[in-house]
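Here the structure is laid out as structure tokens; the discussion comes afterwards.
The values are calculated or read from the model by the stated rules, or taken from the named source; none is laboratory data. A quick note: this is a predicted structure, and the numbers were derived from the prediction, not measured. Every residue, glycine as well, gets a Cβ built from its backbone with ideal geometry; the counts of neighbours run over all protein chains shown.
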Amino acid sequence: MGVVAGDLSGDGHEDLFMSHLRMEMNTLYINDGTGLGRPSWGYTGFGTSLLD
């Protein structure tokens with residue numbers, strides 16, 4: 001439902017964070033081939049933001 005791009009790992013490459021529907025995993029894609037995800041809360045995520 002929400003997507004934000006930014007250099008979260010500080011390596012100069014854009015990474016992606018996506019929020020999803022309820023009972024689905026929110027996902028973080030680090031731009032080195034590593035994916036990271038945990039189950040989200042039992043609610044839908046409509047947006048996201050990034051501050052560096």
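Got a number for residues in region 9-52 being modelled with pLDDT of 85 or more and among the small types (G, A, S)?
4
Being loosely packed, with under 11 Cβ neighbours inside 10 Å and at pLDDT 80 or above is the requirement here; does G6 meet it? First the steps, then the outcome.
Details: loosely packed, with under 11 Cβ neighbours inside 10 Å: no; at pLDDT 80 or above: yes.
When the stated conditions are applied, G6 does not pass them.
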